[in-house]
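All remarks here apply to the structure that follows.
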Amino acid sequence: MPVSNTSLIERIARVIAGRVVSINADGSDPSAGDRVDSVWPDYREDAVSILKTLREPDPAMAEAGDLGVWQRMIAAALADAGEDVAS
């Protein structure tokens, strides 16, 4: 499995930024790459909120895999971003 060199928080924030600014989604910029590069930090807290929501898998996710591994992976991503894992 490939492993990204970019943090999960940054990748999620970049996706949100892309949806906001790119003409291919809800934005108006036809070439949004540079803009995404500059504004993704504005969406960092949104990314953290999404990750905190994902700490609790739904029933289909729980059935598909190991809950302990899932929770440790999400906790690691949050800790890597300097977030309090308990909150």
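The values are calculated or read from the model by the stated rules, or taken from the named source; none is laboratory data. Just so you know, these numbers come straight off a predicted model, no measurement behind them. No Cβ is skipped: glycine too gets one built from the backbone with ideal geometry, and neighbour counts run over all protein chains shown.
Structure notes:
- Count of segment 61-80 residues which are within 30 Å of S22 (Cβ to Cβ) and either surrounded by fewer than 16 Cβ atoms within 10 Å (Cβ to Cβ) or basic (K, R) (or both): 4
- Any chance A17 is at pLDDT 90 or above, surrounded by fewer than 16 Cβ atoms within 10 Å (Cβ to Cβ) and part of a helix (DSSP H, G or I): no
- Test: residue in segment 36-53 that is in contact with a Ser or Thr (Cβ under 9 Å, 6 or more places away or on another chain), modelled with pLDDT under 90 and outside any helix (DSSP H, G or I): no
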